[in-house]
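Notes to accompany the following structure.
The values are calculated or read from the model by the stated rules, or taken from the named source; none is laboratory data. It should be emphasised that the depicted structure is a prediction, and the values quoted were computed from it without experimental measurement. Glycine also receives a Cβ, built like all others from the backbone with ideal geometry; neighbour counts cover every protein chain displayed. Note: areas computed on protein heavy atoms with side chains; ligands, DNA, RNA excluded. Shrake-Rupley method; radii C 1.70, N 1.55, O 1.52, S 1.80 Å.
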Amino acid sequence: SIGREITLQILSLRPKKIVAIDFSEPNLFELKNILLKNKNETTLVCCELGSTADYKFIHKVFKKHKPDILFHASAYKHVELLEENKIEGIKNNIRSTFFLSKIAFEFKTKKFILISSDKAVRPSSLMGVTKRISELIVSCYAQKSINSNNEIKQVFSMVRFGNVLGSSGSVVPIFQKQIE
C-alpha cells in the first residue's frame, strides 16, 4: 500500500518513533515485521490496530504517542467497491480525515499530510468525492491553524497521487489481468 511505502521511506530517515495504524490485522502484522527487519537501533516501532474512523481510538493513540508529523493515507480506494458500498466509503474516507484533522489540531501536531487522489479533481465517482471532501476538511484546518498575526502554527497539507504501481486500489493490476 501507499501507507506502507511511506512508512518505509520515513524509517530510512531514522525518526525517533514510527507509529503505524491499520484496521487490518494481517496487513499491520506484515508491516510490523517489515519495519522491525529494516529498523535502525534508534527508531522505536509501534503498531496500533484500529480504525482511523474511530474517534475514541484515534484520540487514545494521539494521547499515547503525541505525533509530530502525521501522514494520512488510510482510505478505501477501489472505485467500483465504493460505488456499491457508499455509506462505508463515506464513513471511512471522510470521517477518518475529519477525526484525524480535529485531533491533530487539538494535539498541536506540527504537520498533517493527507495523501489524496487525482480522482479528487472534478470527481465523477464516490471515491473522488470523498477524497475531495477530505481535501476541503484539511484546507479548513490549514486556515484554522493560522493565528491573528498570519503565522502558521501547524501545517495542514495534501498531495494528490495518481495510479501508483502495485498499490492497493490501483487500476493497473486490473489492466494487466485484462491484457493476459
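Return the only residue of Ala53, Ala20 being surrounded by 15 or more Cβ atoms within 10 Å (Cβ to Cβ) and touching a strand residue (DSSP E or B) at 6+ places or on another chain (Cβ under 9 Å). Give the derivation first.
On the way: Ala53 fails: touching a strand residue (DSSP E or B) at 6+ places or on another chain (Cβ under 9 Å).
None of the other options fit; the residue is Ala20.
Which residue, of Leu100, Leu136, is closer than 30 Å to Glu84 by Cα, open to solvent by less than 30 Å² (accessible area, probe 1.4 Å) and not small (Gly, Ala, Ser)? Quick ask: steps written out before the conclusion?
On the way: Leu136 fails: open to solvent by less than 30 Å² (accessible area, probe 1.4 Å).
On inspection, the qualifying residue turns out to be Leu100.
Report yes if some residue within the range 132-155 is in a strand (DSSP E or B) and under 14 Å from Ile69 (Cα atoms); otherwise report no. Lay out the reasoning, then the answer.
Taking the range 132-155 first, the residues in a strand (DSSP E or B) are 146, 152, 155.
Narrowing the set further to residues that are under 14 Å from Ile69 (Cα atoms) leaves 155.
Yes.
Each residue in the range 110-139 was checked for being in contact with a helix residue (DSSP H, G or I) (Cβ under 8 Å, 6 or more places away or on another chain) and more than 16 Å from Val79 (Cβ to Cβ), and 6 of them qualify.
Filtering the range 109-125 to residues that are open to solvent by 20 Å² or more (accessible area, probe 1.4 Å) and at pLDDT 95 or above leaves Lys110, Lys111, Ile113.
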